[in-house]
Amino acid sequence: MFEFLTPAFWVAVGQIILIDILLGGDNAVVIALACRGLPPKQRKLGIIYGTAGAIILRVILIAFALALLAIPYLKLVGGILLVWIGVKLLMPQDDHDDHSNIASSDKLWGAVKTVIVADLVMSVDNVLAIAGAAESAGQHQLPLVIFGLLVSIPIIVAGSQIVLKLMDRFPIIITLGAMLLGWIAGQMIFTDPGVKPHLPDSKTWEYAAAATGALLVLALGKGVAARRSSPASTESA
């Protein structure tokens, strides 16, 4: 019970909320596109039911992910994937990166199904990052995940436009979020059951690995972004 009052628990909650905002930005767009063909009176129901179904499905996936992370070397693979996701987060958004392939429906349950399926396809990064963040809190991981997701739902659905404007105005938010993914990746790799026996058993080394992951994401992300925006790459494109 008292673990809910520890700083580690609330740090993990904050990480989950930030991750869901950063990586869930597309969710509000998908919901809007899937429900755009509904009659006005049904749009609100489509948004509520679709979001609820997507969140329930995500909690189930994260529950499986928390169990799977105990398999040797799976955290290593997941950590590498999180580094790639963090680097991708620092890339400039392409103008052609729209959601024109999301089909709308004029039937309520058709729209709900579209929201849930689209969210399932887009949830790999969220699930992996949230599972990694929850592990740092020790026990009560699944309640932590559910609490973090519940807090982030109204932020994503109702406040997505505000969040996006804040990100445009303060790009440091995106940079810090990408570095957070690198931090979690470093912790995941260090605590992998197949890797940990060969590493020093020390919290200092774990924090060093996490900091290395954060700096690696920053360096790779800024480096790749600089190459893409350089005159030579622009001309070749």
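Taking all pairs of different Cα atoms in segment 166-209, averaging 1/r and flipping that mean, what Kirkwood radius in angstroms comes out? It would help to have the intermediate numbers written out before the result.
On the way: mean 1/r = 0.0848 Å⁻¹.
Taking every pair of different Cα atoms in segment 166-209, averaging 1/r and inverting gives 11.8 Å.
Could you calculate the FRET efficiency of residue 211 with residue 173 from 1/(1 + (r/R0)^6), where r is the beta carbon distance between them and R0 is 22 Å, rounded to 0.05? Working shown, then result.
Working: r = 20 Å, r/R0 = 0.89.
Result of the calculation: an efficiency of 0.65.
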**Request:** Just tell me which lysines come within less than 21 Å, Cα to Cα, of residue 107; anything on the same chain fewer than 8 places away is out.
**Result:** 41, 44
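No lab work stands behind these numbers, since they all come straight from the coordinates. Predicted, not measured: the structure shown is a model, and the values here were computed from it. Ideal geometry is used to build each Cβ from the backbone, glycine not excepted, and the neighbour counts take in all protein chains shown.
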